[in-house]
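To start, the structure itself, in structure tokens.
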Amino acid sequence: MSRSFNLAVLPGDGIGPEVMAEALRVLDTLASRSSITFNYHHELVGGAAIDAVGKALPEKTIKTCEASDAILFGSVGGPKWEKLPPNEQPERGALLPIRKHFGLFANLRPGICYPALTSSSPIRPDLVEGGFDVLCVRELTGGMYFGQPKSRTTLPDGDIEVIDTMVYKKSEIVRIAHVAFKAAQLRRKHVTSVDKANVLTNSVLWRETMIEVAKEYPDVTLAHLYVDNAAMQLIKAPRSFDVLVTENLFGDILSDDRAMIAGSLGMLASASLGKPKGDGLYFGLFEPSGGTAPDIAGMGIANPIAQILSAALLLRFALGLEKEAVQIESAVKKVIDSGLRTGDIFSNAPGTKKVNTKEIGDAVIAAL
Ligand SMILES: NC(=O)c1ccc[n+]([C@@H]2O[C@H](COP(=O)([O-])OP(=O)(O)OC[C@H]3O[C@@H](n4cnc5c(N)ncnc54)[C@H](O)[C@@H]3O)[C@@H](O)[C@H]2O)c1
């Protein structure tokens, strides 16, 4: 059965177009050997869009995304646009409005530390020996960042009082729980839910809801950790995690914690998922965790692996092409095992060779 998919391709700025080119070559290779067709719809976003049409997120770009099955995103921003008013800058003016427009409520960040790259991790070698693979699922649209009221008041006695409010609806917890359990079904079938149920009313509902939703996934085991303990365990025993699911603020902190212990930014993909499309699939935006790397942009030496692995996440979560996603992930692992390294992960270790962006793309395609 032939299948055809429309992908909005938004390379953005800096290294975005360089790493995007390699991800598309990888997708083309998969398509050339199957009955799958990917129709790419290239659009401007970020600084490139500001320069061309005066706006970080042009209407045409939104329309193309709306008409697509998923968005493959590079990254946006750079020194050239930093003097613009904050809301017009590439990140605030493009990325945040896209997330809002498409209701992208779940942020997934796989943190994979490959066995051959454990020396890139800043934590003790014996703790990461053999590598690890933790998927962090963060709720992205609720909690303290958006809850009302928010205020800052000077009190009659001159003291200052500030208020932030943590708000969650049960329905918001249910939908993120389903994302986490479905993701775990494709992995090692273990979910760790992180909360602060010994202190926060929000967390009590969070925990109750996780337990309730878990009943629909009898093949997946569920464990709970308080957020302070989770921060410790991620450093002490990263291999004990499979899928970690948590609310917005805790996820913001823990996902960076986990990204850091995995090594280079150039290796880390991410997915922001929106409304379910049915059959466990989601509309979403798929992008590297890092930024536009202005220090190396245009030199052809950026690591394209985060972008290539973002394309694999797109296949898995937006298109349901699990087999093809695994093929890409296995090919990347083979390339790392073969010793090829871009500068960000090169350490002069025996058996390794420093290569450029295109050479990594070539190697992933050969490994496919
Ligand atoms: N989602 C996004 O679009 C996004 C995310 C973060 C930062 N940014 C923007 O990117 C610009 C630069 O930000 P920054 O310097 O703080 O972060 P950055 O992630 O761009 O770079 C940080 C360091 O990591 C390196 N790096 C990142 N990705 C790499 C890759 N694929 N290969 C090799 N090395 C890589 C860079 O060379 C740099 O030394 C800023 O304008 C920022 O706003 C955009």
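Some points to look at:
- Subset of the stretch 235-272 (residues that are farther than 27 Å from THR165 by Cα and of a type in the set (Phe, Trp, Tyr)): PHE241
- Check on ILE50, more than 18 Å from ILE308 (Cα to Cα), within 16 Å of the ligand (Cβ to nearest atom), over 21 Å from the mean Cα position of the chain (by Cα) and of a type in the set (A, V, I, L, M, F, W, C): yes
- Here ALA8, ALA21, ALA31, ALA49 are screened, and the one residue that is aliphatic (A, V, I, L, M) and touching a Pro at 6+ places or on another chain (Cβ under 7 Å) is ALA49.
- Out of LEU95, LEU135, one residue alone is surrounded by 13 or more Cβ atoms within 10 Å (Cβ to Cβ), in contact with a strand residue (DSSP E or B) (Cβ under 6 Å, 6 or more places away or on another chain) and either aliphatic (A, V, I, L, M) or assigned to a helix (DSSP H, G or I) (or both). It is LEU135.
- Within the stretch 292-307, none of the residues are charged (D, E, K, R) and away from the ligand (no atom under 16 Å from the Cβ).
- Residue check for GLY280: in the same structural domain as ALA306 (by TED's automatic domain parsing), near the ligand (Cβ under 10 Å from one of its atoms) and modelled with pLDDT under 90: no
- Any chance ASP344 is under 23 Å from the mean Cα position of the chain (by Cα) and assigned by TED's automatic domain parsing to the domain that holds ALA302: yes
- Sole residue being over 23 Å from ILE15 (Cβ atoms) and more than 8 Å from the ligand (Cβ to nearest atom), chosen from LEU321, LEU285: LEU321
- Selection status of SER121, surrounded by 14 or more Cβ atoms within 10 Å (Cβ to Cβ), among the small types (Gly, Ala, Ser) and without any contact (Cβ under 8 Å) to a residue 60 or more places away in the chain: no
- From PRO156, PRO115, residue being in the same structural domain as ASP219 (by TED's automatic domain parsing) and more than 30 Å from LYS277 (Cβ to Cβ): PRO156
- Verdict on GLY251 being of a type outside the set (Asp, Glu), away from the ligand (no atom under 14 Å from the Cβ) and surrounded by fewer than 17 Cβ atoms within 10 Å (Cβ to Cβ): no
- All told, LEU314 meets the bar of being more than 11 Å from the ligand (Cβ to nearest atom), within 11 Å of the chain's Cα centre (by Cα) and crowded, with 19+ Cβ neighbours inside 10 Å.
The values are calculated or read from the model by the stated rules, or taken from the named source; none is laboratory data. Since the structure is predicted, the reported quantities are computational estimates derived from the model, not experimental observations. FYI the Cβ positions are ideal-geometry reconstructions off the backbone, even for glycines, and counts take in every protein chain you see.
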